[in-house]
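As structure tokens, the structure follows; a few thoughts come after it.
The values are calculated or read from the model by the stated rules, or taken from the named source; none is laboratory data. Fair warning: this is a prediction, and the values are worked out from it, not measured in the lab. Heads up, the Cβs are rebuilt from the backbone with ideal geometry, glycines too, and the neighbour counts pull from every protein chain shown.
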Amino acid sequence: ILYLFAASSFLLLGVLDLIRERRAFHPLMILAGFFGVISSIYVEANIRLSDQLNCVSVNFFLLESITLFGSHKRSAVSVDVGKWMRRSILFGDAEFILGALLDVIISYFYLFDDTSDWDLAPQGTSIF
């Protein structure tokens, strides 16, 4: 249920930010949230389908994090903010990329590792 609320929040935030800013990475957030919500719905009924949808969702999160990092790096955040603020924003974006990358790796283990008997859904160990 926690994963359902988290994915729903990303879906809502993506829609609101798309209306407000109209930037390229907001549809990625909407798609990631949508697949996350669907994945959380199927976690009890069909764990394989849930894992596949989670894999799609976290790949969209990874694309979103890379896009966000690139847009922050290309644009000057603000002339008024100090150097430490620009570095903090880039550091936060880099952490988002690292977290999304780790989540993608975990989701691929759930999909392609047939040698172990996973008893937890990836949402239970998910970073997001």
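Does any residue of the stretch 46-69 turn out to be farther than 23 Å from residue 88 by Cβ, surrounded by fewer than 16 Cβ atoms within 10 Å (Cβ to Cβ) and modelled with pLDDT under 85? Within the stretch 46-69, none of the residues are farther than 23 Å from residue 88 by Cβ, surrounded by fewer than 16 Cβ atoms within 10 Å (Cβ to Cβ) and modelled with pLDDT under 85. Which of the residues belonging to the stretch 9-26 are under 21 Å from residue 50 (Cα atoms) and either outside any helix (DSSP H, G or I) or within 12 Å of the chain's Cα centre (by Cα) (or both)? Once the filter is applied, which keeps residues that are under 21 Å from residue 50 (Cα atoms) and either outside any helix (DSSP H, G or I) or within 12 Å of the chain's Cα centre (by Cα) (or both), the stretch 9-26 yields 9, 10, 11. Candidates 16, 68, 63: the one that is in contact with a Leu (Cβ under 7 Å, 6 or more places away or on another chain), among the hydrophobic types (A, V, I, L, M, F, W, C) and over 17 Å from residue 2 (Cα atoms) is 63.
Among residues of the stretch 15-34 that are small (Gly, Ala, Ser), those with a Cβ under 9 angstrom from a residue that is outside any helix (DSSP H, G or I) and surrounded by 15 or more Cβ atoms within 10 Å (Cβ to Cβ), sequence gap 6+ or separate chain, pair up as 32/128.
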